[in-house]
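Let me begin by presenting the structure, written as structure tokens, before commenting on it.
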Amino acid sequence: MIVITNPSFVTDEIKIIESLFEEGLSLLHIRKPGFSEMEMAQFIHQIKLEFRSKLALHNHHELAEDFGINRIHFSETDRKSIFNYCARFLKSYRYTTSTHSIEDFNALENDFEYAFLSPVFKSISKEDYYPKENLFAALKSRTNHSTKCIALGGIDSKNIEKPLKNGFDDVALLGTIWNNENPVKQFKLCQQIAHSYLV
């Protein structure tokens, strides 16, 4: 199970992040589009060294080497920009990306370890962000099996089973964690439900 940071400021965020790791979080995607390079560096610096190998950077990729981070995430826009995509492609990193249709997912190069496919449900964190198509039905036409397909968008403890029962390899959580009064408790609940599918 993957958690993506809230793009906005969250009180006690670093403390929550470290608690999530202590509860068994396997990967955290740092997505802070408004951060400058210095703000991003300060943010990462606060996260304990022991958790750095479980981080993925969505922007300011140039900081990855300095902080011992080996996972780089490309937004759909970055991936489709030939300059950005090719210039940063180094074999020493593990690459992931975002997709919003099964056609885009199927067209991915084999270099990506996994890709988010979203939104599978109405988004919790983005207002008026709905699926444009039924991604569960679309997934039946999946031809790319070298890249893991991660469900994203509107996933919470009530519906987390559906993507795991219907062909997705894993799930990513955002709104259900950061819009909750007790993010760690919510993570543990989702983890408990998903555990039997992800073993």
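Leu25 - would you say it is of a type outside the set (D, E, K, R), assigned to a loop (DSSP other than H, G, I, E, B) and touching a residue at least 60 places away in the same chain (Cβ under 8 Å)? Spell out how you get there, then give the answer.
Values: of a type outside the set (D, E, K, R): yes; assigned to a loop (DSSP other than H, G, I, E, B): yes; touching a residue at least 60 places away in the same chain (Cβ under 8 Å): yes.
So Leu25 fits the description; yes.
Scoring Phe51 on the criteria (1) within 23 Å of Lys148 (Cα to Cα); (2) not in a helix (DSSP H, G or I) leaves a single failure, condition (2). Pick out the one residue from Ile102, Ile30, Ile124 that is of a type in the set (A, V, I, L, M), closer than 24 Å to Gly153 by Cα and modelled with pLDDT under 90. Sole residue among the options that is of a type in the set (A, V, I, L, M), closer than 24 Å to Gly153 by Cα and modelled with pLDDT under 90: Ile124.
The values are calculated or read from the model by the stated rules, or taken from the named source; none is laboratory data. Predicted model, so just to flag it, every value in this text is computed and none were measured. With ideal geometry, Cβ positions are generated from the backbone for all residues, glycine too; neighbour counts draw on all protein chains shown.
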